[in-house]
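Read through the structure below, which is laid out as structure tokens, and then see the notes.
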Amino acid sequence: MEVVALILFILIFVLILSGIQVAFVLGGLSIIFGMIFVPDFFSLLPLRIMGTMQNQVLIAVPLFIYMGLMLEKSGLAESMLKAMSRFFGNTHGGLALSVIIVGALLAASTGIVGATVVTMGLISLPTMINNRYQPELATGTIVSAGTLGQIIPPSVVLVLLGSVLNVSVGDLFKAALIPGIVLVFLYALYIFIISRVRKGIAPPLEESIEHEGSTMDLVLAFVLPFILIIAVLGSIFAGIASPTEAAAVGALGATLLTISQRCFSIKVLKEVMTGTTHLTSMVFLILLGATTFALVFRGLEGDRYLIELIQESDLSFTIFLLLVMVVVFILGFFIDFIEIIFIVVPVVAPIFSTYGVDLIWIGILLALNLQTSFLTPPFGFSLFYLKGVAPEGVTTGHIYRGVIPFLLIQLVILLLAIFAPRLLGIL
């Protein structure tokens, strides 16, 4: 039975990499194996699925997705970039610093990587290129700022990890806050230094990003998102609201913010609701397939076999952790973070539990790792998002070379989180 469990696990990855839809691979293959090898499979499956669907934490997923898509429609990113260009536009690297700061604020407001990268690429990349920014620096800044939504709370990644690891999402949010802030600081520090050492790659703006509008309009561009961030994260950290309740506050706040920006309409509402339905359906369909896989895998005693295998091989915790990190990093080149969370994490979580480690820490490491894989050439998803909206003349080579310094910073943070978690306030 243990060998059958491993065959199931390997077959799933082979079929996913061949291009078949993940949810159908997970659910379909698991049902076939369950029917053949697991007694009472169909009597256990409804109980497992209903147990998953009754998890109130997962209600936060569609609410945070709605919040992110609504803010994308609000014109928030463009307003903030206009404001930042007033403050930093006349300095070397000023627009790149603006992009990092706005990316961090969007991450704390939306948490949706693809939407942030595309929005920032459409708004800021043409301006940076027109003002003689080095294409590598411009593209590297945008993709790095766009992926901050993977680690800076509120993050859909952290919500899903909390559900799978069976730990508090609020505690994950708290543990992720300092690593996210440090990452933003190091990105900004790199831009500040490189733009002064090599002044030609990031000159002051010859033309600012349309500075029309009153000072009050520009102040509101930052005040309103800050109020939203404080309402969502502050209510969680203060213990006033659960992540699910805070997500509902965020969804309402994003709608009100869009109304205040005069960007709300029935058409926008329908687009946001349609997009939320599509993304949520994708997540939950994969979740149902993953639930079926987890039931069959445990029914075949695959989890027990892996634990025994690790114990008999006498692997130290550090070696096992590094092995998992490498596997997750490589898988991040080829499949989406949702699939990794629902396939890999349930398999390795019981093994981490046998080592007696803090699963909050493991969750942060996995989130940082998945964020790193979004940036890594040649298959990083964020790189493809930006290439899809990049103006003519910006090549894939520019994007690949530009992201390398930011990727190295990301790896430094990941290594610090592994070997010195207390330094980043994780433990």
Rounded to the nearest 10 degrees, the helix 94-109 long axis (Cα) sits at an angle to the longest Cα principal axis of the chain of 40 degrees
Rounded to one decimal in nm, the spacing of the 7 Å Cα→Cβ label points at residue 171 and residue 396 is 4.3 nm
With only helices counted (DSSP H, runs n ≥ 4, each -39500 (n - 2.57)), the per-residue ellipticity at 222 nm for the chain, to the nearest 500, works out to -25000 deg cm²/dmol
Ranked from fewest to most other Cβ atoms within 10 Å of their own Cβ, 116, 141 fall in the order 116, 141
Projected area averaged over all directions for the convex hull of the alpha carbon atoms of the chain, nm², comes out at 20.9 nm²
Taking the reciprocal of mean 1/r across every pair of different Cα atoms in segment 7-136, the Kirkwood radius in Å is 18.8 Å
Taking Cα atoms only, helix 345-355 is inclined relative to the longest principal axis of the chain by an angle, in degrees rounded to 10, of 70 degrees
Under 16 Å by backbone N from the virtual spin label 7 Å along Cα-to-Cβ at residue 420, the residues of segment 356-381 are none
In whole Hz, the Karplus estimates of ³J(HN,Hα) for segment 181-190 (6.51, -1.76, 1.60; θ = phi - 60°; x where Gly or Pro) are 5, 4, 4, 4, 4, 5, 4, 5, 4, 4
For segment 2-424, averaging the sequence separation of alpha carbon pairs under 8 Å that lie six or more residues apart and dividing by its residue count, the contact order in percent is 28 percent
Expected unfolding gain across residue 24-residue 271 under the 0.36 nm per residue rule, minus the alpha-carbon gap, is 86.3 nm
So, with points 7 Å from each Cα along the Cβ direction, the residue 10-residue 316 label distance in nm works out to 3.0 nm
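Can you tell me the FRET efficiency between residue 230 and residue 308 if r is taken as the Cβ-Cβ distance and R0 is 30 Å, rounded to the nearest 0.05?
After rounding to 0.05, the efficiency reads 0.05.
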Gyration tensor (Cα only) of segment 121-175 to equivalent ellipsoid, semi-axes in Å sorted down, yields 35, 8, 8
Computed over the chain: longest principal axis from alpha-carbon atoms vs helix 2-17 long axis, angle to nearest 10 degrees, is 30 degrees
Segment 287-341 and segment 107-183 have their Cα centres apart by a whole-number Å value of 26 Å
Neighbours of residue 307 by Cβ distance under 12 Å: Lys/Arg at +1, Asp/Glu at -1, summed charge -3
Fewest to most Cβ atoms within 10 Å: 199, 267, 174 sort as 267, 199, 174
Under the 7 Å Cα-to-Cβ spin-label approximation, residue 263 and residue 56 lie apart by a distance in nanometres of 3.3 nm
Distance in Å, no decimals, from the C-alpha centre of segment 351-427 to the one of segment 1-78 is 23 Å
Full extension between residue 90 and residue 326 adds, at 0.36 nm per residue less the Cα distance, a length in nm of 80.7 nm
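Read the figures in this text as sums done on the coordinates, not as results from a lab. Please read all numbers here as calculations on a predicted model, not as lab measurements. Every residue, glycine as well, gets a Cβ built from its backbone with ideal geometry; the counts of neighbours run over all protein chains shown.
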